[in-house]
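Trainee: Provided herewith is a single structure, encoded as structure tokens, for subsequent inquiry.
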Amino acid sequence: MSMPQIHVVEDPAAGQVVQLAAGSALQVRFRRRFGGGTWEVSGRPDHLVPLAEGTHELTFLVFSGPGEGHEAPLRLVRRRTAQADPCEVRELRVVLAG
């Protein structure tokens, strides 16, 4: 059994475009920052399925979706333990490649 191709994105910029093919995996990594906090998925396209969620690393498996070239947002938020509201938000634009 072969492992899926893993696309690693470290400290993505807001609005960053990520092109992914069905059957691949996306791993998003964030640097640990002073003041702590945990990154969480706030919104994701249906064709991205979470495989692992850590405090600073999230991994998704990519399935076929609405079609090649379709763009959908992946919204990630960082929350501090003592605060209910997010202290940082990153939204990536996920595009299905052929």
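Rule-based calculations on the coordinates, nothing more; no lab input. Owing to the predicted nature of the structure, the values given are computational and were not obtained by experimental measurement. Neighbour counts run over all protein chains shown; Cβ positions are idealised from the backbone, glycine included.
Trainee: For the chain, what's the relative contact order in percent, using C-alpha pairs closer than 8 Å and at least 6 residues apart?
Mentor: Relative CO of the chain lands at 33 percent.
Trainee: Of all DSSP beta bridges in the range 1-83, what percent run antiparallel (nearest 5)?
Mentor: Just about 75 percent of them are antiparallel.
Trainee: Expected output is a single nm value to one decimal: the length gained when fully extending between GLU68 and THR81, i.e. 0.36 nm times separation in residues minus the C-alpha distance. What is it?
Mentor: 0.8 nm
Trainee: To continue, here is another question. Counting only the backbone N, which residues of the range 1-32 are under 16 Å from the spot 7 Å out from the Cα of VAL89 toward its beta-carbon?
Mentor: 13-16
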